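A quick write-up on the structure given underneath.
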């Protein structure tokens, strides 16, 4: 297998385009591949939008060798790279996936998927001496799937390496976490996000970039989403609701109008993420008495985010729910504990 120092220009290109700002993690991965005793199980841990998925695919490509880490099609078809991710939610969604259209997925990675993967591990890697299994995300495994995965993590087949992605590592069983080497993905600072947006979305104006940077909480993926979906005005309305409250529902009405009568699912999910980011941004400014309300609203939005990809919410009701949770966390600025 080629040394990780080979093809340095290609590695730089992959790191710049796919998982911006995670150079330290990438170098750690390359050092591990080059070592004689590479750990068999890895936990890529960090918030959504930090590039873990793209990183994992490129990392698997470098691990097995012989495939360009920037070539998605080659990675998808490689016999020694296996990706476990939630399946399409229905036959109709499976057709949409095959056609390259947006589709909905099931909520969890099933135990049957894990068992099918384990059956494939009965044979040796096909093209080389290493095989990569990506579980994306591991915190969406069914309970039975976690137990099945734990067994193979305890006794991994020769040449098999596991890459588990986790947005919330605390949701994983301690027995799973203890068998993994953790590679943490750090949020980007505002300057790095601004550099990325200027390069990737040059048409975005300064106010849109700044709103996206404030709301993204260090996540390049969220920053891209917020800019591409033009959520600057929505962000401002959410901030006003948290700062002033919305007893007369005027701001929530404006929020619904700005979202549109039939917003795409991506826009709905982004609105939930944006509302959570707004709450995180203000929690340090609240009094102790109101911090609990902010935390409860943030948790409720997190539960909504989990359900939203697989449930058919009425868009108007959904945005009013989001606005209501933001309003519930509002506080008078002159209050005291």
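With a cut-off of 8 Å between alpha carbons and a minimum separation of six or more residues, what is the relative contact order of the stretch 8-184 in percent?
30 percent
Of 282, 180, how do they rank once you tally other Cβ atoms within 10 Å and put the fewest first?
Lowest count first: 282, 180.
On a 0 to 90° scale, report how tilted helix 143-154 is relative to the longest principal axis of the chain, with both axes built from alpha carbons and the result rounded to the nearest 10.
That helix lies at roughly 40 degrees to the long axis.
Pull out the extension gain between residue 192 and residue 90, defined as 0.36 nm times the separation in residues minus the alpha carbon to alpha carbon distance; nm, one decimal.
Once the chain is fully extended between residue 192 and residue 90, it gains 32.8 nm.
Mind checking the angle between helix 23-34 and the chain's longest principal axis? C-alpha axes, 0 to 90 degrees, to the nearest 10.
20 degrees
Mean shadow of the stretch 229-328, computed from the convex hull of its alpha carbons, in nm²?
Mean orientational projected area (the stretch 229-328, Cα hull): 5.8 nm².
Please state the Cα pair-distance histogram of the stretch 8-184 with 5 angstrom bins from zero: what percent is in each bin?
1, 8, 17, 20, 23, 17, 10, 3, 0, 0
Give me the percent relative contact order of the chain, please, defined on Cα pairs under 8 angstrom at least 6 residues apart.
Answer for the chain is 17 percent.
I'm spelling it out carefully: the read-out is P(r) over Cα pairs in 10 Å bins from 0, in percent, the candidates are [x] 5, 22, 30, 25, 13, 4, 0; [y] 5, 25, 35, 27, 7, 0; [z] 6, 27, 34, 23, 9, 2, 0, and one was derived from this structure. Which label?
Answer by label: [x].
Take residue 151 and residue 244, extend 7 Å from each Cα along the Cα→Cβ direction, and tell me the distance between the two endpoints in nm.
Distance between label points: 6.0 nm.
Once both labels are modelled 7 Å past Cα along the beta-carbon direction, what's the residue 265-residue 171 spacing in nm?
1.7 nm
Tell me the relative contact order for the stretch 229-328 as a rounded percent, counting alpha carbon contacts under 8 Å between residues six or more apart.
43 percent
Under the √(5λ) rule applied to the eigenvalues of the Cα gyration tensor, what semi-axes describe the equivalent ellipsoid of the stretch 154-264? Give them in Å, descending.
Equivalent ellipsoid semi-axes, largest first: 37, 20, 13 Å.
If you count, for each residue, the other Cβ atoms within 10 Å and average over each peptide, how do 124-134, 312-322 line up from highest to lowest?
124-134, 312-322
Sticking with the crude label model, points 7 Å out along Cα→Cβ, report the distance from residue 123 to residue 314 in nm, one decimal please.
5.3 nm
Rounding to the nearest 10 and keeping the result within 0 to 90°, find how far the Cα-based axis of helix 206-216 lies from the longest principal axis of the chain.
Rounded to the nearest ten degrees, it is 70.
With the radius of gyration and the Kirkwood radius both derived from the Cα set of the stretch 170-226, what is their ratio Rg to Rh?
Reported Rg/Rh, Kirkwood definition of Rh: 1.21.
We did not get these values from a lab; they are worked out from the coordinates using the rules stated. Since we're looking at a predicted model, the values are computed, not measured. All Cβ positions, glycine included, derive from the backbone under ideal geometry; neighbour counts span all protein chains shown.
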